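As structure tokens, the structure follows; a few thoughts come after it.
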Amino acid sequence: MEKIDMKIHKVDPSLYNDDLAPLEPGKRKWGWFEIFNVWSNDIQSLFGYTLAATLFISYGLNGWAVFAGILLAGIIVNFLVNLTGKPGVKYGIPYPVIARASMGVRGANFPALIRGIVAIFWYGVQTYFASTALGLLFNALLDHPGGPSFLGMDAVGWFSYAVVCVFQLGLFLRGFDWITNFLNWAGPLVYLVMIALLGVIWYKAGGGLLNELGSIFSGRGEHPGGPVAAFVAVVGTMVAYFAAVVINYGDFSRFVKNESQMKWGNFLGLPVSLAFFSFLALFITAGTAVLFGEVVTNPADMVAKVDNLALTIIAALTFFAATVGINLVANFIPAAFGLANLAPARISARTGGIITAVIAFFIGGLWVSLISNIGIAGFVDTLGAVLAPLYGIVVADYYLVRKQKLDLQDLFSAEPGSTYYFDNGWNKRALFAFSVASVFSVMSVWTPALAALSGFSWLFGALLGAVLHLVLMRRARVLPVPESA
């Protein structure tokens, strides 16, 4: 890798703080294993399992087709994050700073805020899912029979939710090294527990598991748009699930030692890990149909029904750890950086994290009674559609407009005439491209006439945003800038 001067020589307080500053190569500690665990924990979260299990039973496809769709989604996401991860590795800067090249040094506040809002929503939802694992543990130990509920959760549920909220904030405030260590043991441990869970369910289900597996593989019902549309919907929904991480992947890749380590971690953590996880999810889901007479898609509910105290304790703690780990990395950190980018002189990433935790508390608390009524697929697709054009704009700008060359000094400069100053710090062309593309991508999720495109709303939104941005920037004759050295 060519040597780049990472030190910012002239600091603009309105654009700079230590959290947003370029991270020098000597301070980067991540290798392929840390990146692998980022994706493994993302896949292994309770929300991720529920989504994967739901895809196997909801689209009228045979199991092999769903499995292939999930695997294809993993390959697509692997390609997408390699693109967004490269500038983070090269320049050591987080996503909000990378976005300044395409949106302007002031205009980048807008995509950072959008990403932060989405991250706060995800953070609240994943906090709720993590609390269900902890609630499972408390109910098993206390032999709790339930009781009156408020907003869909009983007393144990609310206590578990509060504990998770405090635990996550405390772990974040301890520092990034603590989060990294937390991920590194949580990721592999979840797979061990899932294999053990499969073993227990298979033992209890006996030969009936293979029969039910054959039923799932044969497909159930019909998708309104036919098998091709169903397959597209499976792929698109899984791509949209990762969309929140894909766009701000620079927040993580900046910690990686080199690009090769990043690519290996992405490959092992996405197509490989996703295929293995989906395989386990399929067998476990089939086993629940045999044992309980119904398909159970939430691992917390599943473990509760198995009625094995030791397994319940281990599984509850493990799924809790996996969900908390990815929640901190994929949701908490992007939201904290996004808020810090709004006013670096006044808001640090630490302060942004506290703001995130407070807002997300109410979002997660309303998940059962309100937000979940949208439906998991609709929720995932809508959030992904909002983010899609931002991905396309940032990638098109970096690779096709800037030719992979950024001026680090000007990324932190608000002086008129500097490279990324544009119109008073705002690139109106990029904002126009985002507005048009995001309206289209969100409409493709909710408009019946565009139902055939709903599965790929994220990819269409990203492509449209990229094309519009590229056309407008080339018409304006924006040229690549000299390399920082």
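For the pairs K7/K90; K257/K403; K27/K403; K27/K86; K86/K257, note any where the Cα-Cα span goes beyond 19 Å. Write down the numbers at each step before the final one.
Numbers: K7/K90 14 Å; K257/K403 22 Å; K27/K403 26 Å; K27/K86 17 Å; K86/K257 12 Å.
Check vs 19 Å cut-off fails for K257/K403; K27/K403.
With each pseudo-label sitting 7 Å past Cα toward Cβ, what's the I117-D18 distance in nm, one decimal?
Spacing of the two 7 Å Cα→Cβ label points: 3.2 nm.
Straight-line reach from K204: which lysines fall under 22 Å, measuring Cα to Cα and dropping same-chain residues less than 8 apart?
K305
Give me the dipole magnitude in Debye, nearest 20, for the range 29-475 about the Cα centre, with unit charges on the beta carbon: positive for Lys and Arg, negative for Asp and Glu.
Values: 22 positive and 18 negative charges, 282 e Å.
Its charge dipole is roughly 1360 debye.
Once both axes come from the Cα atoms, what is the angle between helix 46-58 and the longest principal axis of the chain, in degrees from 0 to 90, rounded to 10?
Computed tilt is about 70 degrees.
Can you give the extra length, in nm with one decimal, that the chain gains between R475 and S372 once fully stretched, where that is 0.36 nm per residue apart less the Cα-Cα distance? Walk me through the intermediate numbers first.
Details: separation 103, 0.36 × 103 = 37.08 nm, distance 4.39 nm.
Once the chain is fully extended between R475 and S372, it gains 32.7 nm.
Can you tell which of L468, P227, L83 lies farthest toward the positive end of the dipole of the chain, using +1 and -1 charges on the Cβ of basic and acidic side chains (Lys, Arg; Asp, Glu)?
So the residue furthest toward the plus end is L468.
For the range 28-186, with the dipole built from +1 on Lys and Arg beta-carbon atoms and -1 on Asp and Glu ones, taken about the Cα centre, which of Y49, F129, I70 lies farthest toward the positive end?
I70
With everything on Cα atoms, drop me the angle between helix 109-142 and the longest principal axis of the chain, reported from 0 to 90° to the nearest 10.
Roughly 20 degrees, rounded to the nearest 10.
Taking the number of other C-beta atoms within 10 Å as the exposure measure, put L151, L311, L61 in order starting with the fewest. Working shown, then result.
Working: L151 12, L311 17, L61 27.
Fewest-to-most Cβ neighbours within 10 Å comes out as L151, L311, L61.
If eta is 1.567 mPa s and T is 4 °C, what Stokes-Einstein diffusion coefficient results for the range 98-160, Kirkwood Rh from Cα pairs, in µm²/s?
Working: Rh = 14.3 Å.
D = 91 µm²/s.
Compute the semi-axes of the equivalent ellipsoid of the range 1-160, taking the square root of 5 times each eigenvalue of the Cα gyration tensor, and list them largest first in whole Å. The partial results should precede the final answer.
Details: eigenvalues 294, 111, 53 Å².
Gyration-tensor ellipsoid for the range 1-160: 38, 24, 16 Å.
Per Stokes-Einstein, at 4 °C and 1.567 mPa s, what whole-number D in µm² s⁻¹ belongs to the range 29-475, with the Kirkwood radius over Cα pairs as the hydrodynamic radius?
Numbers: Rh = 22.2 Å.
For the chosen part, D equals 58 µm²/s.
Read the figures in this text as sums done on the coordinates, not as results from a lab. What you see is a predicted model; the values in this text were computed from it and never measured. When we count neighbours, we look across all protein chains shown, and the Cβ atoms used for this are built from the backbone with ideal geometry, even at glycine.
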